[in-house]
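Derivation of every value follows stated rules applied to the coordinates shown; laboratory data play no part. None of the values given here were measured: they were computed from a predicted structure. In this analysis, Cβ positions are derived from the backbone assuming ideal geometry, glycine residues included, and neighbour counts consider all displayed protein chains.
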Amino acid sequence: MNITDDAALTGIFSSSHIEISKSALQSNLTFLRKVVGKDVTICSVVKGNAYGHGTEHFIPLAEACGIRWFAVYSADEALRVHRSSAADSTIMVMGGMSHDQIAWAIEHNITFYVFDLDELTFAIESSRSQNRMARIHLEIETGMNRLGFDETSLAQAADTIRRNSSHVDVIGVCTHFAGAESVANHLRIEHQIKTFETRLQWLRGLSIEPRVRHAASSAATFSYPGTRYDMVRIGIAQYGFWPSIETRMQYVLHQEANGGRHFSRDQLTRVLRWKSHIMNIKDVQAGEFVGYGTSCLTTRMSRVAAVPVGYYHGFNRNLSNVGHVLIRGKRAPVAGVVNMNLMLVDVTDVRGVETGDEVVLIGKQGRGEITVGAFSDLTKLLNYEALVRLSPDIARMVVA
Ligand SMILES: *Cc1c(COP(=O)(O)O)cnc(C)c1O
């Protein structure tokens, strides 16, 4: 066999695969566009390897679905998006960058958050020496106490910007809420919104009028419609997950209160499916330990299947003896501890099971489904964390 293409090589040799569904993404974006209306831009948040979906596969797919804005956290992520984008999309870096990285961003027309004066000063310097505009988003501290200009430093920043208006283009003004997915944070968020609006107004008074005001992530997009402004930064929802059960319930109740019909069907569809296959099956007598140590004891004549996926790939070790996979549409429990590259599952009750059978670790098979939610409730991980732990080494493929 003579394989030259790197992607094909990974695909053939990968012990499991992640399928990315184009129709699911399309359906989520259609729903989200209906929610925000046509005047609000959807910025697709693709940090963390596109939440585990795989940047190189996800970007072209999102662009085919009409997305033209992408948000990442760091320069290395921006570089990957830049290389994967064929549609001249706008890239936005939400985290910090070194001086070299800022210079690179300016050179490639990449927009980036600025949250302190040193960064701003360097961006202007670099812009002057390259004779290219620095296109920035001014991040405002509104109460999360993470990143952003407070009242005093914002005044200094505004002054610097006004004196250097031929080098710096403030295309965005933005902030981030401290947990819009939970009602418990309601007062804090309301306070943040007020502060943000006050700062926007103050900037307007100085004729700093950004084209793109943005604050909302997925949760705020649903629960605080007033924070959608010109653009929303949608991460988790586009991949088909609600930020929290609360967000979903709030949205459903809000729809009902406004005369909408009751939605029992989930309006978001999971984009990702993770699957592998059975590599071996063994018959084990009753009263035997299975795998490492003594955590799993057979209580009957059992059939145990080996699956070439382990915690190295992102299948959490805490799912040992607790998690499930799908085989022939049936749930099969993980037997014993999850190993680094391998796990065992009890297939005694899966009729007709054979070596080579498809194993679904996340997603649907027949009438069964393993959700990342179930996966992560068991391990006390958020959807977010369970997704980004999917190893970048697993082959991704786009399916219809
Ligand atoms: C990750 C992130 C988002 C997207 O959040 P979701 O809950 O996934 O929609 C938006 N804004 C910032 C600043 C982020 O870091």
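If the viscosity is 0.890 mPa s and the temperature 25 °C, what Stokes-Einstein diffusion coefficient in µm²/s follows for region 173-218 when Rh is the Kirkwood radius over Cα pairs?
Values: Rh = 11.4 Å.
The estimated diffusion coefficient comes to 215 µm²/s.
Full extension of the chain between Asp88 and Asn131 yields a length gain of 13.4 nm, computed as 0.36 nm times the residue separation minus the alpha carbon distance. The GNM of the chain, with springs linking C-alpha atoms under 10 angstrom apart, assigns the highest mean-square fluctuation among Gly259, Gly323, Gly314 to Gly259. For region 221-282, taking Cα atoms only, Rg and Dmax work out to 17.0, 59 Å respectively.
Treat every Asp and Glu Cβ in the chain as -1 and every Lys and Arg Cβ as +1, leave all other atoms uncharged, and give the resulting dipole magnitude about the Cα centre to the nearest 20 debye. Can you show the working numbers first?
Working: 41 positive and 40 negative charges, 236 e Å.
Dipole magnitude for the chain comes out near 1140 debye.
Give the order of His176, His99, His277 when sorted by the count of other beta carbons within 10 angstrom, beginning with the fewest.
Values: His176 24, His99 13, His277 17.
By the 10 Å Cβ count, ascending, the order reads His99, His277, His176.
What is the extension gain from Gln156 to Val398, computed as 0.36 nm multiplied by their sequence separation minus the C-alpha to C-alpha distance, in nm to one decimal? Present the calculation step by step, with values, prior to reporting the outcome.
Working: separation 242, 0.36 × 242 = 87.12 nm, distance 4.77 nm.
Gain on extension, Gln156 to Val398, equals 82.3 nm.
For the chain, the antiparallel share of DSSP beta bridges with both residues in that region comes to about 45%.
Counting pairwise Cα distances across region 222-350, what percent come out greater than 21 angstrom?
On the way: 4657 of 8256 pairs.
Summing the P(r) tail past 21 Å for region 222-350 gives 56 percent.
Taken along the Cα-to-beta-carbon direction at a fixed 7 Å, the label points for Phe13 and Lys34 span 4.5 nm.
Annotation: lysines with alpha-carbon distance below 25 angstrom to Lys275 (same-chain offsets under eight excluded): Lys22, Lys47, Lys330, Lys364, Lys380. If you look at the Cα atoms of region 128-263, you get an Rg and a Dmax of 17.2, 58 Å. Measuring nothing but alpha carbons in the chain and taking Rh as the Kirkwood radius, the Rg to Rh ratio lands at 1.04. Once R0 is set to 22 Å, what does the formula 1/(1 + (r/R0)^6) return for the Cβ-Cβ distance between Ser23 and Thr371, expressed as a FRET efficiency to the nearest 0.05? Calculated transfer efficiency: 0.75. The orientation-averaged projection of the convex hull spanning the C-alpha atoms of region 1-151 amounts to 12.4 square nanometres. Modelled this way, with points 7 Å down the Cα-to-C-beta line, the labels at His191 and Ser165 are 3.5 nm from one another.
Where in the chain is the longest stretch that carries no trypsin sites (Lys or Arg not before Pro) classed as loop by DSSP and with at most 15 other Cβ atoms within 10 Å? Write out the running numbers ahead of the final one.
Working: sites that count: Lys38, Arg68, Arg132, Arg146, Arg211, Arg261, Arg265, Arg300, Arg351, Arg367, Lys380.
In the chain, the maximal stretch lacking such sites is 147-210.
When DSSP beta bridges are restricted to pairs lying wholly in region 10-135, around 0% turn out antiparallel. So what is the calculated 222 nm ellipticity per residue for the chain, using -39500 (n - 2.57) for each DSSP H run with n of 4 or more, over all residues, to the nearest 500 deg cm²/dmol? Helix-only estimate at 222 nm: -10000 deg cm²/dmol.
Dividing the Cα radius of gyration of region 309-348 by its Kirkwood radius returns 0.95 for Rg/Rh. Each semi-axis of the equivalent ellipsoid for region 306-392 is √(5λ) with λ an eigenvalue of the Cα gyration tensor; in descending order they amount to 20, 14, 11 Å.
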